[in-house]
Amino acid sequence: LCQLNLLPPLFLVLEDEALAVRACVLQLLGRLSRLNPAPILPSLRRVLMDLIIELRCGGDNDGSREAATKLIIVFLRVEALQRLVRPFISSIIDALPLVNVAPRLMSVSLEALGELANVAHSSLNPWLRQLVPHILENIQDQNSSKQRVSLSTLGKIAFGTGYVVSPYLDYPQLLHQAAEILPTTKRAPWDLRREVFRTFGV
């Protein structure tokens with residue numbers, strides 16, 4: 001599959017209408033890049049750049065921006081593709097839609113931010129004061145899905161960057177917010193309650 005003459009059909013499938021198909025092909029190309037990186041990685045770099053442009057210029061089309069964000073998450077999760085992401089950390093952070101967007105798009109963007117923290121580690125530190133307020137705002141949202149993803153993202157940022165004690169000093173309201181969340185999760189889904197304990201145990 002990693003032979004040069006077999007790669008064009010795989011890259012063609014990256015244009016498929018079904019997001020799941022595109023994600024699967026992207027994962028496959030990531031694995032194949034270990035065997036034959038020369039013809040694959042430059043093309044995937046262009047794909048990543050196109051996704052970032054889609055996030056920046058997608059306008060009011062939340063569907064296309066959500067799809068682009070999910071594919072960026074694939075780049076962040078596939079170990080072989082993470083080397084492509086590191087030079088674009090700043091561009092991805094600036095492009096992620098974190099303000100005045102639909103709940104689904106916000107949840108996906110926060111998920112991408114958490115995966116970015118796993119890849120970038122301390123390289124994310126210069127943007128922490130810009131990003132953490134968005135996370136804290138969504139932790140207080142009534143949407144349990146946004147709460148869960150926000151808590152997970154905060155935990156990944158704390159673990160990846162070493163930003164563990166400082167959040168409580170930089171944002172004194174954080175501990176109070178945590179105290180308010182715990183009583184309200186008694187009737188919440190177990191995955192949300194588990195994320196609360198996991199995040200504040202980092």
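The values are calculated or read from the model by the stated rules, or taken from the named source; none is laboratory data. These numbers come from a predicted model, not from an experiment. Cβ placement follows ideal geometry from the backbone for every residue including glycine, while neighbour counts extend to all protein chains displayed. The area values use the complete protein model at the heavy-atom level, side chains included, leaving out ligands, DNA and RNA. Shrake-Rupley method; radii C 1.70, N 1.55, O 1.52, S 1.80 Å.
Using the Cβ atoms and a cut-off under 15 Å, what net charge is assigned to the surroundings of Asn118, where Lys and Arg are +1 and Asp and Glu are -1?
That works out to +2.
Can you tell which of Ala80, Ile135, Ser64 lies farthest toward the positive end of the dipole of the chain, using +1 and -1 charges on the Cβ of basic and acidic side chains (Lys, Arg; Asp, Glu)?
About the Cα centre, the residue reaching furthest to the positive side is Ala80.
In terms of modelled amide H atoms, which long-range or inter-chain residues lie less than 5 Å from the amide H of Leu98?
none
By accessible area of protein heavy atoms, probe 1.4 Å, what ranking do Ser144, Ser150 get, highest first?
Result, largest first: Ser144, Ser150.
So with the 1.4 Å probe, I'd like the accessible area per residue for the chain, rounded to whole Å².
52 Å²
Using only the Cα atoms, what convex hull volume per residue in Å³ does segment 1-92 have?
Here the figure is 83 Å³ per residue.
Counting other Cβ atoms within 10 Å, keep those with at most 14, restrict to DSSP loop, and tell me which chymotrypsin sites (Phe, Trp or Tyr not before Pro) in segment 57-147 are left.
none
For segment 70-86, what does the Karplus curve 6.51 cos²θ - 1.76 cosθ + 1.60, with θ = phi - 60°, yield as ³J(HN,Hα) per residue in whole Hz, taken in order and with x for Gly and Pro?
Coupling constants for segment 70-86: 5, 6, 5, 4, 4, 4, 6, 8, 7, 4, 5, 9, 5, 5, 6, 6, 3 Hz.
Distance from a point 7 Å along Cα→Cβ of Arg104 to each backbone N in segment 11-33: keep the residues under 18 Å and list them by number.
Those under the cut-off are 17-23.
Please list Leu10, Leu81 in order of solvent-accessible area, largest first, computed with a 1.4 Å probe with all protein chains present.
Leu10, Leu81
Roughly speaking, what is the centre-to-centre gap between segment 1-53 and segment 102-118 when only Cα atoms are used, to the nearest Å?
Using only Cα atoms, the two centres lie 23 Å from each other.
By how many degrees, between 0 and 90 and to the nearest 10, does the Cα long axis of helix 103-120 differ from the longest principal axis of the chain?
Computed tilt is about 80 degrees.
Would you kindly state the longest site-free stretch of the chain, with sites defined as trypsin sites (Lys or Arg not before Pro) in a DSSP loop (not H, G, I, E, B) surrounded by at most 14 other Cβ atoms within 10 Å?
The segment 35-185 is the longest one with no such site.
Would you work out what percent of the accessible area of the chain, with all protein chains in place, is carbon or sulfur (probe 1.4 Å)?
54 percent
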